[in-house]
Amino acid sequence: MIDGAGRIWAHADIRVTDDGIVTVSAERLDDEQVEWIDLAGRTVVPGLMNCHAHICGAPMDLPPGSTPSQVVAQHAVRAARWLEQALQQGVTAIRDLGGFEHIELAVKRMIEQGIIAGPRLRAAGRQVCMTGGHGCYGGAIEADGPDEVRKAVRAQLKAGADVIKVMATGGIMTPGTQPVSAQLTPAELAAAVSRLVASTPAQPIPLLPDYPWTEITQICQ
């Protein structure tokens with residue numbers, strides 16, 4: 001077993017309850033009233049974390065004439081199935097950095113309520129980009145100027161976002177944009193940050209730009 005501190009145990013007995021792992025011991029844990037699972041020859045590791053995912057990001061082969069509600073329903077069902085598969089494969093925490101119609105936030109609440117199985121999920125809701133910027137074809141909110149950026153951030157907080165994803169530069173997945181080209185100005189980024197700090201002064205929600213702030217400032221100058 002490899003524990004969360006990086007220590008390697010040649011042998012370990014692990015007691016698991018509904019609350020998770022409660023005991024790890026190098027000695028035999030004797031208890032006749034529990035179910036024993038022999039993992040000899042296998043390795044137990046801490047849960048894996050996926051820090052950049054899009055649970056609604058994979059393209060779907062939808063028939064012509066599909067209605068918007070059908071598209072949302074199919075995304076939701078597939079997202080729930082994908083999250084369950086991720087959990088079964090050892091992923092216990094996922095950060096979604098750009099969803100579709102806030103499906104990821106709804107699925108997150110269902111996991112927390114025990115309705116469906118899945119990893120712990122932190123989600124950004126919809127990304128924020130400039131008009132025609134990186135992510136504009138993938139569901140991002142297009143915002144120009146500090147006021148529009150501030151409003152877009154507020155909308156994500158209202159929906160229940162844990163983090164905010166702003167598209168500070170272009171990206172390789174959006175035609176006509178370049179990863180090294182600044183797309184949000186320092187004033188627009190400052191507006192996003194000010195909205196976050198104002199909403200949760202004790203525990204500010206993380207802001208996740210696609211490019212380091214100092215380099216963005218230099219590019220814009």
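Post the alpha-carbon centroid distance, region 92-168 to region 1-38, in whole angstrom.
37 Å
Which label marks the calculated value of Kirkwood radius over Cα pairs in Å, given the options (i) 19.5; (ii) 17.5; (iii) 20.0?
Of the listed options (i) 19.5; (ii) 17.5; (iii) 20.0, (iii) comes from this structure.
Once R0 is set to 25 Å, what does the formula 1/(1 + (r/R0)^6) return for the Cβ-Cβ distance between residue 84 and residue 27, expressed as a FRET efficiency to the nearest 0.05?
On the way: r = 35 Å, r/R0 = 1.40.
After rounding, the FRET efficiency stands at 0.10.
Return the long-range amide H neighbours of residue 181 (sequence gap of 5 or more, or a different chain), with a cut-off of under 5 Å between placed amide H atoms.
170
Considering only the other residues whose Cβ falls under 15 Å of the Cβ of residue 9, what net charge follows from Lys and Arg at +1 and Asp and Glu at -1?
On the way: positive: 7, 15, 28, 42; negative: 3, 13, 27.
Counting the neighbours of residue 9, the net charge comes to +1.
Count charges around residue 118 for me, please; just the other residues with Cβ under 14 Å from its Cβ, Lys/Arg as +1, Asp/Glu as -1.
For residues surrounding residue 118, the net value is +3.
Grab the DSSP H runs of the chain that are 4 residues or longer, score each as -39,500 (n - 2.57), total them, divide by all residues and round the 222 nm result to the nearest 500 deg cm²/dmol.
Computed ellipticity for the chain at 222 nm equals -9500 deg cm²/dmol.
Working out 0.36 nm times the residue gap between residue 112 and residue 18, then minus their Cα-Cα distance, what length gain in nm do you get to one decimal? If you can, show how the numbers build up before the last one.
Numbers: separation 94, 0.36 × 94 = 33.84 nm, distance 1.46 nm.
Full extension of this stretch gives 32.4 nm more.
Taking the number of other C-beta atoms within 10 Å as the exposure measure, put 151, 165 in order starting with the fewest.
Working: 151 15, 165 27.
Sorted ascending by nearby Cβ count, the order is 151, 165.
Amide H neighbours of residue 141 under 5 Å, counting only residues 5+ apart in sequence or on other chains, H built in-plane at 1.01 Å?
Under 5 Å from the amide H of residue 141: 127, 128, 129.
Estimate the FRET efficiency between residue 71 and residue 194 by the formula 1/(1 + (r/R0)^6), using the beta-carbon distance for r and 41 Å for R0, to the nearest 0.05. Kindly include the intermediate steps, with their values, before the conclusion.
Details: r = 34 Å, r/R0 = 0.84.
The calculated FRET efficiency here is 0.75.
Readers should treat all values here as calculations from the given coordinates under stated rules, not as data from a laboratory. In this text, all values refer to a predicted model and were calculated from it rather than measured experimentally. Counting neighbours? That spans all protein chains shown, and the Cβs are built from the backbone with ideal geometry, glycine included.
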